[in-house]
Each structure stands twice: as C-alpha cells, then as structure tokens.
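The values are calculated or read from the model by the stated rules, or taken from the named source; none is laboratory data. Just so we're clear, the structure is a prediction, and the values are computed from it rather than from any experiment. Here the Cβ positions follow ideal geometry from the backbone for every residue, glycine too, while neighbour counts run over all protein chains shown.
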Amino acid sequence: MNQSYNKYMLIFVFGSLSIILLFTVVPLFYSTFLSLHSGRANNLYFSEFENYRRMLDDPMLINALRNTVGFSLILTPAVLTISFLLANCINNVRSERLKGIYSVILFFPSITSPIAYSMFFRQFFLLDGFLNNLISIFNPSVIFTNYLLTPFGARLAIIVVCIWAWSGYYTMLILSALQSIDPIIHKSAKIDGLSKFRILYKINLPIIIPVVLLCSVLLFSGIFQLFAEIMVITGGGPAGSTITLSFYIYQLSFQFAPQFGYAASIAILIFLISSIIGFIQLKMGDRC
C-alpha cells in the first residue's frame, strides 16, 4: 500500500517538476543566455554585458520603468484596499446564497479576456464614448474630450481598468482568509464593545496579514507584466506616457526591428526587480 502510494506520489511530483522546468526554468536560462547577445533579428553575436550597459543610456527604458513603478505604487495599495473592504462586506453578509452571488459578480472580471474588456474600456474613454455621453446628460454644454490623448487621462484609464479587472480576484483570496477566522473571536470582540471598524483593523487585518502580503507580491509582479491593457487601450501613448516594461519588450521584439538580445535583458531586469521586491515584502511580513 505504501509502495503504491509513494509510486503515484513520485509520478505527480515528477509531472509538476517537469512543467516547471520546461516552462519556467528553461526559458529563464535561455533568456539569460540571449541577453548576452546583440544584433538584429537572427544576426546575433556575443556581446557580454553590452545590453545591460545600454540600459543606463536608454531614455525609453527609463521612461517605461518610471511608468511601471508609478502604476505599481498606485495600483498595489488601491487594489488591496478595495479588495480588503469588499471581502469584509461580503463576509458580513448573513445569507450564504447572497454571498455566492456577490462572489460570482466580483470574480467575473477575472475570468474575462483582457483583450475583451480592454476594447470595451477603450471605447468608454474615446471622444464619442460612453463617458462623454454620460457627462453631457448632466452638462449639455460640456466640451467632449478624448481622454486617451492626454497623459493624465490615459494613465487614469489604465488605472481604472486594472482596478476593475483585478480587485475581484484578490477579494476572493482575502475572503477565503476571512472565512477561516474563528467566529468566536468576533463574538468575543463584540462582547468587549469593539466597533466594526476596530474589529476590521485590530482583528481581521492582523490575522490575515500573510494572505494580504501574498496578494501584494502577486499584484506587484503582475503589474510589472502589464501588457494587454496597454496594448489595446493606449498603445503606450500618448508620447510614451503609459508605456511599460513588458510593452517595451514587445516593441523591441516585434514592432521595431527585432532586438531579441536587448529585449531579453529587459526581461531579466523585470525578473530581478520582481524577485527583490517580493523578497522585501515577505521579509517585512515576517516582522509583522
């Protein structure tokens, strides 16, 4: 019995390790190898660390890094705060049926194709889009604006779309953590006279802080891979105000004359930054 169990266990472990090796480790090593080469298309030559030195003098890369970090600093706290509040609201609903309905509604954007909802929101913010028409109902004399042609409007559009698309997923993760809290703890807190806000801040948040930190790591790494929304809604514009590192890699690889070596070096940069930030976040969580 034990031998049969161990045999099947090894089969499943081997399958998982094979997938990780094939789709994660091998591409990572190949990208590292490719980043040491320069040239166009398939005419590559070994250039050691020339691509990494080139990063320091690339204004487009610096702009993409600044935009990506800016999105991260805004989206990470915004999505986590909204998800935490929504999860607590759903958790306080007494009807299990209503909890299920609300959960499905909030989770629906997470299973929607990024291309589909990005195309919808692109039409939403255009000159003749739904937003301008809605504003004109309350102010008929308003001058229609194409929000995607202004840096502030384009960035705001990306932020709004990402909050709408991602909050439901992280709400479900936090909700699952909240539902694992022993109800006796909440009953004791109410007997002691704690308000709902103090229960939220003093009890719920400290207990589920490991899950919140996991969400922050996943969210931060996801923002550094932000691509589909940028591609469909703004195309990196206007004037490079919404270009991200992932979209810049796409431009280097497929939109301009292919520079696969330099694009691979930027991919390694994303990996290193995400790993360092994730490590810092987890270490901060150990001290909480």
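Odds and ends about this structure:
To keep it simple, each residue is scored yes or no on (1) surrounded by 12 or more Cβ atoms within 10 Å (Cβ to Cβ); (2) hydrophobic (A, V, I, L, M, F, W, C); (3) within 23 Å of the chain's Cα centre (by Cα).
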{"site": "Ser16", "(1), (2), (3)": "no, no, no"}
{"site": "Phe23", "(1), (2), (3)": "no, yes, yes"}
{"site": "Ser31", "(1), (2), (3)": "yes, no, yes"}
{"site": "His37", "(1), (2), (3)": "yes, no, no"}
{"site": "Arg40", "(1), (2), (3)": "yes, no, no"}
{"site": "Tyr45", "(1), (2), (3)": "no, no, no"}
{"site": "Arg54", "(1), (2), (3)": "yes, no, no"}
{"site": "Leu65", "(1), (2), (3)": "yes, yes, yes"}
{"site": "Thr68", "(1), (2), (3)": "yes, no, yes"}
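- Counting only residues that are among the aliphatic types (A, V, I, L, M) and not in a helix (DSSP H, G or I), segment 183-205 holds 1 of them.
- For beta carbons closer than 8 Å, sequence separation of 6+ or different chains, a first residue in segment 188-201 that is closer than 16 Å to Leu178 by Cβ and modelled with pLDDT of 80 or more and a second that is of a type in the set (Ser, Thr, Tyr) and part of a helix (DSSP H, G or I), there are no qualifying pairs.
- Scanning segment 31-58 for residues that are within 12 Å of Ser265 (Cα to Cα) and acidic (Asp, Glu) yields a total of 2.
- Of all the numbered requirements in (1) more than 15 Å from the chain's Cα centre (by Cα); (2) modelled with pLDDT of 90 or more, Ile208 misses one, and that requirement is (2).
- Residue in segment 99-113 that is among the aromatic types (Phe, Trp, Tyr), under 29 Å from Leu200 (Cβ atoms) and surrounded by fewer than 12 Cβ atoms within 10 Å (Cβ to Cβ) present: yes
- Breaking point among (1) surrounded by fewer than 21 Cβ atoms within 10 Å (Cβ to Cβ); (2) in contact with a strand residue (DSSP E or B) (Cβ under 7 Å, 6 or more places away or on another chain), for Phe256: (2)
- Residue satisfying condition, being at pLDDT 90 or above, within 18 Å of Ile270 (Cβ to Cβ) and in a helix (DSSP H, G or I), within set Leu85, Leu61, Leu80, Leu28: Leu61
- Among (1) surrounded by 18 or more Cβ atoms within 10 Å (Cβ to Cβ); (2) touching a strand residue (DSSP E or B) at 6+ places or on another chain (Cβ under 7 Å); (3) of a type outside the set (D, E, K, R) - the single one Ile270 does not satisfy: (2)
- Of Ser241, Ser275, all but one fail to be closer than 27 Å to Thr81 by Cβ, surrounded by fewer than 16 Cβ atoms within 10 Å (Cβ to Cβ) and of a type in the set (Gly, Ala, Ser); the exception is Ser275.
- The C-beta contact set for segment 80-92 (first residue more than 17 Å from Ser110 (Cα to Cα), second residue part of a helix (DSSP H, G or I) and at pLDDT 90 or above, distance under 7 angstrom, 6+ apart or interchain) comprises Ile90/Leu175; Asn91/Leu175.
- Taking the criterion of being within 17 Å of Ser253 (Cα to Cα) and of a type in the set (D, E, K, R), the residues of segment 36-86 that qualify are Arg40, Arg54, Asp58.
- Which numbered condition Ile273 misses (of (1) in contact with a helix residue (DSSP H, G or I) (Cβ under 6 Å, 6 or more places away or on another chain); (2) touching a residue at least 24 places away in the same chain (Cβ under 8 Å)): (1)
- Subset of segment 136-159 that is of a type in the set (Ser, Thr, Tyr) and not in a helix (DSSP H, G or I) - its residue that is modelled with the highest pLDDT: Thr150
- Qualifying position, being closer than 25 Å to Trp164 by Cβ, assigned to a helix (DSSP H, G or I) and among the aliphatic types (A, V, I, L, M), among Leu218, Leu272, Leu282, Leu252: Leu218
- Residue identified as loosely packed, with under 15 Cβ neighbours inside 10 Å, out of contact with any Lys or Arg (no Cβ under 7 Å at 6 or more places or on another chain), polar (S, T, N, Q) and under 30 Å from Val211 (Cα atoms) among Ser176, Ser141, Ser136, Ser167: Ser176
- Restricting attention to segment 42-57, the residues that are touching a residue at least 24 places away in the same chain (Cβ under 8 Å) and assigned to a strand (DSSP E or B) add up to 1.
- Residue check, Ser195 out of contact with any His (no Cβ under 9 Å at 6 or more places or on another chain) and either surrounded by fewer than 17 Cβ atoms within 10 Å (Cβ to Cβ) or acidic (Asp, Glu) (or both): yes
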